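Structure first, then comments.
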Amino acid sequence: MNVLTDPKVYLVGRSAIDTSAVQQFLSDEGTAWTTDTENGSELIAEMAGRVCYMSFGEKQGRRSNQDYLMNLIRMEHGSVLEHSVWNFIVTGVSRSFTHELIRHRAGFAYSQLSQRYVDESEADFVEPDVIAGDPDLHDIWLESVTRSHEAYRKLADGLSELIERDYPDMKRRDKRKRAREAARSVLPNATETKMFFSANARALRHFIEYRGAPDAEPEIRKVALKVLEIMKDESPSIFGDYELESLPGGGSSTATEHKKV
Ligand SMILES: Cc1cc2nc3c(=O)[nH]c(=O)nc-3n(C[C@H](O)[C@H](O)[C@H](O)COP(=O)(O)OP(=O)(O)OC[C@H]3O[C@@H](n4cnc5c(N)ncnc54)[C@H](O)[C@@H]3O)c2cc1C
């Protein structure tokens, strides 16, 4: 069993534009469009905004993609940002964290490691920094987690025997599922989990603001800061307005002038 304190966030997918279809549309409309980004998500958001006003060709106005998208953000024309979607995997996080993450409904999609299918006998656990920083509290935490983990293993074994006895004809996979789904009830919130999630730009901005805020729970703030770091690099036109501010007790929080677009 490993004790984890540092979540990992992987950006594994992003939106792509079909250049030939875009050219066909522009040609059918007898217009043209030039911009200065090759990032699919940024191209898609700019194009969606320009379709609203048919501001292509001579009516194109702003040339830079960042100028264009930041103007939309300033105007709170946030629905345009919903067209750009990214896909992430997050690991080294607790079930407490994912319970908070999934409260973000609009514009998010989730797929989480199943404790019914996956054996948690070798699970890792995520320790809050405030506990890890104090030797006495760390000992209490470790003892409790170890005891719960041991109880999980014993319950999983006992349940497997019981199910084998009562339902000998059940499929092997279903027997394991039955045992694990009941045994997991003693696993703590600290149990490590993995989540694949997708979010559009508007939803991600909302997440970064709420969960990167000073009063956000520290584990989810760590993830929000990692997502922001990735997104500022990935899409400066959409996330470039966020700044980091130092927190009094150490660490950082996120800030922007353009909240909840
Ligand atoms: C510091 C902090 C403490 C918290 N404490 C608690 C707590 O004690 N208990 C608890 O249960 N939760 C708590 N939460 C979770 C919080 O209540 C929200 O569920 C979570 O932050 C997701 O926010 P959201 O609903 O705005 O996001 P999303 O679900 O992603 O929604 C985004 C936005 O879309 C709009 N929207 C979405 N759904 C609807 C709808 N059905 N009707 C109308 N508009 C909609 C709203 O404008 C909303 O802000 C806490 C959150 C934070 C940041």
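Quick notes
- Taking the listed residues Asp233, Asp139, Asp157, the one that is exposed (fewer than 13 other Cβ atoms within 10 Å of the Cβ) and either farther than 30 Å from Glu38 by Cβ or at pLDDT below 95 (or both) is Asp139, with no other qualifying.
- Among the residues of region 17-68, those that are in a helix (DSSP H, G or I), more than 20 Å from Leu81 (Cβ to Cβ) and over 29 Å from the mean Cα position of the chain (by Cα) comprise Ser20, Ala21, Gln23, Gln24, Phe25, Leu26, Ser27, Asp28, Gly57, Glu58, Lys59.
- Flag if Glu209 is under 21 Å from Val85 (Cα atoms) and either within 16 Å of the ligand (Cβ to nearest atom) or surrounded by fewer than 19 Cβ atoms within 10 Å (Cβ to Cβ) (or both): yes
- Residue check, Met47 out of contact with any helix residue (DSSP H, G or I) (no Cβ under 6 Å at 6 or more places or on another chain), closer than 17 Å to Lys260 by Cα and of a type in the set (A, V, I, L, M): no
- Residue in region 84-91 that is surrounded by fewer than 17 Cβ atoms within 10 Å (Cβ to Cβ) and in contact with a helix residue (DSSP H, G or I) (Cβ under 8 Å, 6 or more places away or on another chain) present: no
Conditions tested, residue by residue: (1) part of a helix (DSSP H, G or I); (2) over 27 Å from Lys8 (Cβ atoms); (3) out of contact with any Asp or Glu (no Cβ under 8 Å at 6 or more places or on another chain); (4) away from the ligand (no atom under 16 Å from the Cβ).
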site: Asp139; (1), (2), (3), (4): yes, no, yes, yes
site: Thr146; (1), (2), (3), (4): yes, no, yes, yes
site: Asn189; (1), (2), (3), (4): no, no, yes, no
site: Glu192; (1), (2), (3), (4): no, no, no, yes
site: Leu204; (1), (2), (3), (4): yes, no, yes, no
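- Tally, over region 112-137, of residues that are away from the ligand (no atom under 16 Å from the Cβ) and under 26 Å from Leu155 (Cβ atoms): 17
The values are calculated or read from the model by the stated rules, or taken from the named source; none is laboratory data. Only a predicted model underlies this, so the values are computations on that prediction, with no experimental measurement involved. Note: ideal-geometry Cβ built from the backbone for every residue, glycine included; neighbour counts use all protein chains shown.
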